[in-house]
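In what follows, a structure is listed as structure tokens, so that the remarks can point back to it.
The values are calculated or read from the model by the stated rules, or taken from the named source; none is laboratory data. Remember, it's a predicted structure, so these values are computed and weren't measured experimentally. Note that each Cβ is placed from the backbone with ideal geometry, even for glycine, and that neighbours are counted across all protein chains shown.
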Amino acid sequence: MSWQGKTVVITGASSGIGSALAKELAGRGARVGVLARRQDYLQKLVNDVRAAGGTIEEEPGDVTDRSGLRDAIDTLETKLGPIDVLIANAGVSFPSGADPLASEDVETMMRVNYLGVVYAFDAVLPGMLKRGAGQLVAISSLAAYKGLPGSAGYCASKAAVNTFCESLRIELGPRGVAVTAVCPGFIRTPMTAAQTNPMPFLMDADEAARRIANALLRRPAVYNFPWLMFRLMRITRWLPDRVIRRRVMPSTGR
């Protein structure tokens, strides 16, 4: 299996994992469509990919705008051909503890991190079902596995993504459409740049993109990485709350 000749659309591709994935997949021969709100960043990405000989098209897109996102993805499909893989990558993170509850920030994270996945999948799924082939990918987070102090909204949004993907995977598998939740640990991106807490096993976005590109060819149900960080997150599920309060970092980013 290879990425050569596949059509891939990536949301939230202006920076971080999305941008690195666009470069990685285009470098492997995929036809890449990218969407983001920040047009200047997106244009730089397009210029870089084309300068390296890759095939890429861009459209402005806001994943919280369901109809606008559908139109943008339809336009990319017209330019590039039927979409083989949709990678819903757009995400945001804000502190969200209990006092204050920051309900507006929680709402924003749910709209971008969760509903952004739903809307992106919805835009391409009918075509994939008609062809009986395709892959839906959501960039989630290891934060989906444990509610952490100070990150209630972010953890909840990623847990929702994982459960959504699990339900779709069970239903769509027999119809030829694979569904994968990708759960990274700490990745060096603009989202984590402001972190002041320890970020164990921090990984560069280019390395994360390389690992994700390799993993997606296997069409896994879930891809958790790095492995040691995944093990750490699993251990925290069994720790008493008092230990989490004292020792676990108050936020986890991707």
Anything in the stretch 117-148 that is touching a Ser or Thr at 6+ places or on another chain (Cβ under 6 Å) and modelled with pLDDT of 95 or more? List them, or say none. Ala120, Val137
Members of the stretch 40-78 that are surrounded by 15 or more Cβ atoms within 10 Å (Cβ to Cβ), assigned to a helix (DSSP H, G or I) and in contact with a strand residue (DSSP E or B) (Cβ under 8 Å, 6 or more places away or on another chain): Leu42, Leu45, Val46, Val49, Leu69, Ala72, Ile73, Thr75, Leu76, Glu77
If you scan the stretch 205-232, which residues turn out to be out of contact with any Gly (no Cβ under 8 Å at 6 or more places or on another chain), more than 24 Å from Val9 (Cβ to Cβ) and not aliphatic (A, V, I, L, M)? Trp227, Arg231
The stretch 79-111 - residue that is in contact with an Asp or Glu (Cβ under 9 Å, 6 or more places away or on another chain) and part of a helix (DSSP H, G or I) and, of those, farthest from Asn162 (Cα to Cα): Lys79
